[in-house]
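Novice: This is the structure I have questions about; it appears just below.
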Amino acid sequence: MYSMTTSPQEEAPPQTAPGGHPQRWLILGVICLAQLTVLLDNTILNVAIPSLTRELDATTADVQWMMNAYSLVQSGLLLTAGNAADRYGRKLLLMAGLAIFGMGSLAAGLSQSPAQLIAARAGMGVGGALLMTTILAVVVQIFDDKERVKAIALWSTVSSLGFAAGPLIGGVMLNHFSWGAIFLINIPVAAIGLIAVAALVPESKHKAGDRPDLVGAVLSTIGMTSVVYAIITGPEHGWTSGQVLVSALIGVIVLGLFVTWELRTEHPMLDMHFFRNQKFVGAVAGAILVAFGMTGSLFLLTQHLQFVLGYEPLDAGLRTAPLALTVVALNFTGLGAKLVLKAGTPAAIALGMTLVSAGLAAIALLGGHGYGGTLLGLVVMGAGVALSMPAMANAIMSAIPPEKAGVGAGINGTLAEFGNGLGVAVLGAVLNSRFASLVAVSAASLPAALAAADSAGEKARISDAFASGLETSQLVGAVAVLAGGWSRRRCCGGLSGQNPPRSSPGSSGCAVVVRVRVHRG
């Protein structure tokens, strides 16, 4: 499946000794701290938007670009960053990512205008792309088969912790410091990370004696950036608006050219044979569906909490935090990884996705009776995510060769972003369709519709219509995740409860990294 030659000067991924790297847990702690900083930065920014708007005199468009510049750049570069890590060294690219992210944070914290902050956030996105791919590749490099699933479960826990802790940390910092502090605090963390990575992390790269696929890198970056731009601007401008449709069309065409090029070039950055492996495709599809259901659900639920129930953005974020806290609790105790090893990968994926589906259904059917029903749904959904994430990681680890660990992490990150956007788009469209069928309003958004209502009865009718739309959208998400979970069980059926033997350790893992943007009216 792969035609590769190794030059004498090349550093292949090192064989992991029994028990893994001697300092593996210390290394894991260091690189997870770096990842936590990246994820916290995005959730903290949500809380800082009012301060940024006031002190930088930012327009609504400026605020959107402050939020989206990072995601846009990071998503577009994930595949290229993963390929570069495999080729030039995961340690080297991890250090570069920390340095770029730290410098971007300094520029962001000292920004004097919206344009400067947007540019700094874009620079941070470059560092974020390098970090998100190399961190995962290093994790699977330093742990042996016995401990790797547990390590990746802890790695994925950091994502949930970042989501849960961001609003709290942001609120505390903004109460005592100016908005620039939320960026400047990244600098000492990046510096500590650089020193620790230089001292502890072993180098690993696999040039394979071929030349860089520059055409593939350019095509993948343009294509993914265009698609992600369409996804993140669709809710604001409308999915049928000209700029969204043109961006999506450009993205699809360029990605089609990328696939064609990768199939024909002698040295592709992304070997399309990956997608002939049913276990790989099954696990990736499961990851997309979990991201689809969870992100779409939380995006709409935060709107319901703010605009219908009247919570402030911070309060709404805190009321969705039980999902992330459940993931943290179950993965930090190792329960998710233990289930993968005991029940087997297919069963863990199926059970996890069934719980995600049940959580969505609980929010749909019980959420209208008070926050208790929503809380139950969030906890059940969190349990499902905690179980399915390490199981999907285990499935993909067995399907990708060790020399392609960085590319595997890039594939995971890219498709997780796609699942996030798809969930917002599809479930949002379901909600809007149901809402429009129940109440005829000309306003472009729920806040505008409520503001235009001329009586308490009309406002109640609009709120009830939105709640009905939320219920329908959550049920659609539940059905999609449930169907996908059981179909993925068949695709991954060849994997047993134990990690399968492999020619060498270090194959790539995968986990779902979900970012939720709290909508503001």
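Novice: Pick from LEU136, LEU117, LEU168: which is more than 28 Å from LEU325 (Cα to Cα) and assigned to a helix (DSSP H, G or I)?
Specialist: LEU117 is the lone residue from the list that is more than 28 Å from LEU325 (Cα to Cα) and assigned to a helix (DSSP H, G or I).
Novice: If you don't mind, there's one more thing I want to ask. With the structure loaded, tell me whether GLN74 is modelled with pLDDT of 85 or more, under 16 Å from the mean Cα position of the chain (by Cα) and buried (at least 22 other Cβ atoms within 10 Å of the Cβ) or whether it fails that test.
Specialist: Here the answer is yes, as GLN74 does meet what is asked.
Novice: Just checking, which of SER111, SER51, SER71 is outside any helix (DSSP H, G or I) and under 26 Å from LEU168 (Cβ atoms)?
Specialist: One residue alone meets the criteria, SER111.
Novice: Sticking with this structure for a sec: I'm told TRP179 meets every condition in (1) buried (at least 24 other Cβ atoms within 10 Å of the Cβ); (2) in a helix (DSSP H, G or I) except one. Can you identify the failing condition by its number?
Specialist: (2)
Novice: Out of (1) surrounded by fewer than 23 Cβ atoms within 10 Å (Cβ to Cβ); (2) of a type outside the set (Phe, Trp, Tyr); (3) at pLDDT 85 or above; (4) touching a Gly at 6+ places or on another chain (Cβ under 7 Å), what's the single condition that is false for ALA343?
Specialist: The one condition ALA343 does not meet is (3).
The rows are residues; the columns are (1) of a type in the set (S, T, N, Q); (2) surrounded by fewer than 22 Cβ atoms within 10 Å (Cβ to Cβ); (3) within 20 Å of the chain's Cα centre (by Cα).
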residue: THR221; (1), (2), (3): yes, yes, yes
residue: ALA287; (1), (2), (3): no, no, yes
residue: VAL290; (1), (2), (3): no, no, yes
residue: LEU300; (1), (2), (3): no, no, yes
residue: HIS304; (1), (2), (3): no, no, no
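Novice: Scan region 256-269 for residues that are within 11 Å of ALA217 (Cα to Cα), of a type in the set (A, V, I, L, M, F, W, C) and without any contact (Cβ under 8 Å) to a residue 60 or more places away in the chain and jot them down.
Specialist: PHE258, TRP261
The values are calculated or read from the model by the stated rules, or taken from the named source; none is laboratory data. Everything numeric in this text was worked out from a predicted model, so none of it was measured. Neighbour counts run over all protein chains shown; Cβ positions are idealised from the backbone, glycine included.
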